[in-house]
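Undergrad: One structure, as C-alpha cells, below. Some questions next.
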Amino acid sequence: MEMERIARYCFVAFLFLAIGMGLIVGYLQYSAYSGSPDLGQINGYVTLTLLIFGIIVGLVSITSKEVMPFLIAAIALIVASSGGVWSPLNTIHELLYQWATYILRYIVAFAAPAAVINAIRSVLTVTRDK
C-alpha cells in the first residue's frame, strides 16, 4: 500500500512539473528576446526528463485495474495535442497559446511512454491468456 501512495505522489509531482515547465518554456517562447536561452535545447531537456519520468511511472505506478482508463486518457491527450485545438488562443493573446501548447506537449511527453508500456502489458496479457 505504501508503494502505491508514493507512486501516486510521484505521478502528481511529475504532472505539476510538466505544467510548470510548460508555463516557463511557453513564456520564453513568447518573449523570445535576444538574451533568451536556446529554446530548442531547453525543450529537448524538459522533454527527455518527462519521458524518463513517464517510463518510471509506466513501470511502477499503473495497476492492472487502472490500465484501461489510463490508456483512454492518454489517447485523448495525444489526439488533443495533435489537433491544433489551441490555435484560436493565438488571436486572443500569443502567450495563452504558447502556454497551452507547451503544457499539453509536456503532459503528453510524460503520459505517452507510460501509455506505451501499459499498452504492451495489455497486449501481452491478452496473448498470454489465449
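The values are calculated or read from the model by the stated rules, or taken from the named source; none is laboratory data. Treat the numbers as computed from the prediction; the structure is a model and nothing was measured. In this analysis, Cβ positions are derived from the backbone assuming ideal geometry, glycine residues included, and neighbour counts consider all displayed protein chains.
Undergrad: Sort through Val85, Val67, Val12 and tell me the only one that's closer than 14 Å to Arg105 by Cβ and among the β-branched types (Val, Ile, Thr).
TA: Being closer than 14 Å to Arg105 by Cβ and among the β-branched types (Val, Ile, Thr) holds for just one of Val85, Val67, Val12, which is Val85.
Undergrad: Here's a follow-up. Just checking, which of Leu50, Leu28, Leu39 is hydrophobic (A, V, I, L, M, F, W, C) and touching a Ser or Thr at 6+ places or on another chain (Cβ under 6 Å)?
TA: Values: Leu50 fails: touching a Ser or Thr at 6+ places or on another chain (Cβ under 6 Å); Leu39 fails: touching a Ser or Thr at 6+ places or on another chain (Cβ under 6 Å).
Every option except Leu28 fails the conditions.
Undergrad: Just the residues that are among the aromatic types (Phe, Trp, Tyr) and modelled with pLDDT under 85, please, taken from segment 71-121.
TA: Scanning segment 71-121 gives a single hit, Trp86.
Undergrad: Can Ile62 be described as under 25 Å from Arg5 (Cα atoms), at pLDDT below 90 and surrounded by 13 or more Cβ atoms within 10 Å (Cβ to Cβ)? Walk me through how you get there before you give the answer.
TA: Details: under 25 Å from Arg5 (Cα atoms): yes; at pLDDT below 90: yes; surrounded by 13 or more Cβ atoms within 10 Å (Cβ to Cβ): yes.
Yes.
Undergrad: Which members of segment 1-23 meet the condition of being modelled with pLDDT of 90 or more and loosely packed, with under 14 Cβ neighbours inside 10 Å?
TA: Of everything in segment 1-23, those that are modelled with pLDDT of 90 or more and loosely packed, with under 14 Cβ neighbours inside 10 Å turn out to be Phe16, Gly20.
Undergrad: Within segment 78-109, can you find the residues that are under 11 Å from the mean Cα position of the chain (by Cα), crowded, with 18+ Cβ neighbours inside 10 Å and not charged (D, E, K, R)? First the steps, then the outcome.
TA: From segment 78-109, those under 11 Å from the mean Cα position of the chain (by Cα) are 78, 81, 102-109; that's our starting set.
With the extra rule that they be crowded, with 18+ Cβ neighbours inside 10 Å, the set shrinks to 81, 102-109.
Within segment 78-109, Ser81, Tyr102, Ile103, Leu104, Tyr106, Ile107, Val108, Ala109 meet the criteria.
Undergrad: Something else about it: So which of Arg128, Arg121 ends up being surrounded by 13 or more Cβ atoms within 10 Å (Cβ to Cβ), more than 16 Å from the chain's Cα centre (by Cα) and free of Cβ contacts under 8 Å to residues at least 60 places away in the same chain? Walk me through it before giving the result.
TA: Working: Arg128 fails: surrounded by 13 or more Cβ atoms within 10 Å (Cβ to Cβ).
After ruling out the rest, the residue left standing is Arg121.
Undergrad: Could you tell me which numbered condition Leu28 fails, if it satisfies all but one of (1) farther than 14 Å from Ala109 by Cα; (2) touching a Phe, Trp or Tyr at 6+ places or on another chain (Cβ under 8 Å); (3) buried (at least 16 other Cβ atoms within 10 Å of the Cβ)?
TA: Only one criterion is unmet by Leu28, namely (2).
Undergrad: A further question on this structure: Restricting to helices (runs of 4 or more DSSP H) lying wholly in segment 27-130: which have 1 or more residues that are of a type in the set (Phe, Trp, Tyr), closer than 20 Å to Leu17 by Cβ and in contact with a Leu (Cβ under 8 Å, 6 or more places away or on another chain)? Lay out the reasoning, then the answer.
TA: On the way: elements: 39-60, 67-82, 89-92, 94-129.
So the answer is 39-60, 94-129.
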